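One structure is given here, and the rest of the page talks about it.
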Amino acid sequence: MTSAALLAGCSGDVNPLLQKEFDTPHNLPPFELIKNKHYVPAFEAAIRESQQTVALIVQNSAEPTFENTILPLDRSELHLSRVSSVFFNLMETDVQDTMNVIAETVLPMLSAHSDDVAFNDALFARIKHVYDNRDNAGLDSVQLRVLSLYYKDFLRSGAMLNATDKARLREINSKLSLLSHSFGTNLLAENNDSYKLVVDSVADLAGLPDNLVAAAADKAKELGMKGKWVFTLHNASIMPFLASSERHDLRKAIFDAYCRRGRNGGKNDNRDIIKQMVALRIEKAQLLGYKTFAHYAIETNMAATPEAVDSFIAKVWAPALRKAKEELDDIRKFAYKTEKVTTIESCDWRFWAEKLRKAEYDVDEAEISQYFELNSCRQGMFATATKLYGITFKKVDDAPLYNSEDNEVWQVSDKDGSDLGVVYFDWHPRATKGGGAWCTAFRYPIDNMDGAHVPGQISIVCNFTKGANGTPDLLTYDEYETMFHEFGHALQALFTRGKYIRTAGNVPGDYVEMPSQINEQWASDPGVIKSFARHYKTGEVIPDELLDKINRAANFNRGFASTEFLAAALLDLKWHMLTDKNNVPDVDEFEKKILSEIGLIDEIEPRYHSTYFAHIFNGGYAAGYYVYDWAEMLVCDAFAAFKESGDIFNQELAASFRKHCLSEVGDGDLMGQYVRFRGARPNMEYLMRHRGFIDEKPGRKAKPASSSSTTTTTATSSSSAKPAAKPAAKPATDSKPKEVE
């Protein structure tokens, strides 16, 4: 289709989304020119373009080959991916009723297009011919991997189903996409509107840090309640409130509201949506020949089977729960000793844990945050990446912005001066912005067939509390680590090399969090922190005593953190191991049953109850929430290589890690890629030591791959797991799990 024909799709004005290249710095999307009316015509045109490419593949009378079938298929959705990335990223950062209406139009279009490709018998016949003759085709290892993945994609998307089952699968896919969207829309409304804690007395602010009080005053003013203080269900507000408010009744009120999200009745209740989604996922998996949706979803991950995941979780659950019970006993004793408190409820855990932490380690989060000003943290993060990989950063002052108040853009250059791409940062909460933090892209890097590299356009979205009344943005230590975490995703995206979209940067779901979590390991290094952390008023370097306190307290409350996470991971797994689509249990009763069976104590709530578990019902992590802990196992093992070398900035190791675990990670079997870096399969002992579940033994090395304590993971072919907001439409290519609040 010609450019002129493409540009004709929007009622007389030029639709910027129909252009392949933008006349902007770094070819970034011209956000100021993109209007809501442009999206549907752009999706329609991009889908037609992809359809035409597929038609040309099918109509080719020549014998199917990698070059005339797989390669054009691989490139068939470049434009659709571009349009999808812009729309879905902006929908997450500026949710509007109009955008939701557009999504309700677009999601079925994308689902139908994906199914059209997956169910194209002539196309699959050509792919199968290339696959069946692969041994004599002269393909290199990466081409063979691309071919095998596409063949598996089509099988997993229903290419071998009969006409009746294909029609039903179309219905299921379309319904699931709309239900997932509705779940997320409901949750945003619940976060924003279901409950607000309004405080009108200074006495009721006892214990709260100044920056949280100032932010609550600003929120009250925004809502027309000047002179009061408003605390919300967004993490940046509720979590520091729970950790610091002296008022048990207020902690209980806001925490109960937090845990009730999505099950308050009315139009935003998510329970019926969950039952529908679980039933449809069961039906989909069984149509495709799998026992459960968990078997379908985990097949392409490193773990390979839900049984392996269940076994992995069990190894961590028992010591985590034991540790949590020990922590509860310590908290009870401390609460009684200090204030004669005899009962600890789930809303109290963070408060008393924080008090105990201060008493034992003299750590004060409010004091720590004085040294972690946002701009300084960002520059420290950049300096760390420069020291590791030789890359450099330059602010792009003329970049188009989708939010002029919260956006900033940085160009990233490799050590040889070549352009790696740009990174958008979106730092602060907005009422129309999704909660949590995540990394996405407006364009992923790829190597063209002529060898030219197309740089990435990466986006990092956070919800860090904005400084009030002239105070700079001061991060909690958790927020500081979150910044490094999301930038780890960005580094993998920026470093990605490869000629094939199906493999470049694409990894199994349980590897996705490895690049982000390992970047946190450098964030916690005292030398890294001292290189940038200055008191925002005095300019004083963070004192060694405070760093020592942070380090000594690193494993404090680790049992609680592990237990609340694993309870959610097990809940996710159990939902997706159900087998009867006609008998999906009541949501509240099912949760109660599962949490009782695993022995979760009353004083700990799972990190997510089902009705606000956006990871699995709106974020791409269905049957995959476990991946964070799996990735941490890899991280602890990988970072041990740096520590055991005596230099966490070991340049030889950094180059090897970048090559095998970031840049070329999609080119081969994932476990094979990891072993090329580490020299052995991951050892779970490093994870257990890191969490303080087993004693650290100085000088002890990891056991070899044959050891019984080494995990027995098996890498398999992967589904797409780039940090994307939404997929374009290629069969069996899921969106990257987005980190959500």
Mind checking which residues of region 315-360 are among the β-branched types (Val, Ile, Thr) and touching a residue at least 12 places away in the same chain (Cβ under 8 Å)? Val316, Ile331, Thr338, Ile344
Is one or more of the residues making up region 644-654 aromatic (Phe, Trp, Tyr) and part of a helix (DSSP H, G or I)? no
Leu71 fails exactly one of (1) in contact with a helix residue (DSSP H, G or I) (Cβ under 8 Å, 6 or more places away or on another chain); (2) under 25 Å from Thr503 (Cβ atoms), namely (1)
What residue, among those in region 185-200 that are closer than 13 Å to Ala217 by Cβ and open to solvent by 30 Å² or more (accessible area, probe 1.4 Å), is farthest from the chain's Cα centre (by Cα)? Asp200
Return the pairs, sorted by first residue and then second, in which the second residue is open to solvent by less than 50 Å² (accessible area, probe 1.4 Å) and among the acidic types (Asp, Glu), the first residue lies in region 38-58 and is over 17 Å from Asp13 (Cβ atoms), the beta carbons are less than 6 Å apart, and the residues are 6+ apart or on different chains. Ser50/Glu77
Here are Glu365, Glu405: which of them is at pLDDT below 95 and within 27 Å of Glu564 (Cβ to Cβ)? Glu365
Go through the residues of region 145-162 one by one and say whether even a single one is surrounded by 14 or more Cβ atoms within 10 Å (Cβ to Cβ), within 31 Å of the chain's Cα centre (by Cα), of a type in the set (Val, Ile, Thr) and in a helix (DSSP H, G or I). yes
Which residues, counting only those in region 404-428, are acidic (Asp, Glu), out of contact with any His (no Cβ under 9 Å at 6 or more places or on another chain) and surrounded by fewer than 18 Cβ atoms within 10 Å (Cβ to Cβ)? Glu408, Asp414, Asp416
Within region 241-281, can you find the residues that are in contact with a Ser or Thr (Cβ under 6 Å, 6 or more places away or on another chain) and over 22 Å from Phe613 (Cβ atoms)? Arg251
Of the criteria (1) open to solvent by 10 Å² or more (accessible area, probe 1.4 Å); (2) out of contact with any Phe, Trp or Tyr (no Cβ under 7 Å at 6 or more places or on another chain); (3) under 24 Å from Leu653 (Cα atoms); (4) not in a loop (DSSP other than H, G, I, E, B), which one Leu491 fails: (1)
Gln19 passes all but one of (1) polar (S, T, N, Q); (2) touching a residue at least 60 places away in the same chain (Cβ under 8 Å); (3) out of contact with any helix residue (DSSP H, G or I) (no Cβ under 6 Å at 6 or more places or on another chain); which number fails? (2)
Hits in region 126-144 (condition: part of a helix (DSSP H, G or I) and either under 22 Å from Gln276 (Cβ atoms) or in contact (Cβ under 8 Å) with a residue 12 or more places away in the chain (or both)): Arg126, Ile127, Lys128, His129, Val130, Tyr131, Arg134, Ser141, Val142, Gln143
Inside region 579-599, the number of residues satisfying the requirement of being in a helix (DSSP H, G or I) and either open to solvent by 30 Å² or more (accessible area, probe 1.4 Å) or touching a residue at least 60 places away in the same chain (Cβ under 8 Å) (or both) is 7
Condition check for Ser459: surrounded by fewer than 20 Cβ atoms within 10 Å (Cβ to Cβ) and among the hydroxyl-bearing types (Ser, Thr, Tyr): no
Please find, within region 1-17, the residue that is least open to solvent (accessible area, probe 1.4 Å) out of those that are at pLDDT below 95, among the hydrophobic types (A, V, I, L, M, F, W, C) and not in a loop (DSSP other than H, G, I, E, B). Leu6
Look at Tyr258 and say whether it is open to solvent by less than 30 Å² (accessible area, probe 1.4 Å), closer than 20 Å to Val627 by Cα and at pLDDT 95 or above. no
Which condition number does Ser182 fail, the rest of (1) at pLDDT 95 or above; (2) out of contact with any Ser or Thr (no Cβ under 9 Å at 6 or more places or on another chain); (3) open to solvent by 60 Å² or more (accessible area, probe 1.4 Å) being met? (3)
If Ser562 satisfies all but one of (1) modelled with pLDDT under 95; (2) crowded, with 20+ Cβ neighbours inside 10 Å, what's the number of the condition it fails? (1)
Among the candidates Ile172, Ile127, residue that is crowded, with 18+ Cβ neighbours inside 10 Å and within 15 Å of Glu67 (Cα to Cα): Ile127
Given (1) within 25 Å of the chain's Cα centre (by Cα); (2) under 30 Å from Glu405 (Cα atoms); (3) open to solvent by 20 Å² or more (accessible area, probe 1.4 Å); (4) not hydroxyl-bearing (Ser, Thr, Tyr), Pro108 misses just (2)
Scan (1) out of contact with any strand residue (DSSP E or B) (no Cβ under 6 Å at 6 or more places or on another chain); (2) at pLDDT below 95 for the single condition Asp447 breaks and write down its number. (1)
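The values are calculated or read from the model by the stated rules, or taken from the named source; none is laboratory data. Only a predicted model underlies this, so the values are computations on that prediction, with no experimental measurement involved. Here the Cβ is made from the backbone with ideal geometry for all residues, glycine too, and neighbour counts use every protein chain on show. Keep in mind that these areas ignore ligands, DNA and RNA; they rest on the heavy atoms of the full protein, side chains included. Shrake-Rupley method; radii C 1.70, N 1.55, O 1.52, S 1.80 Å.
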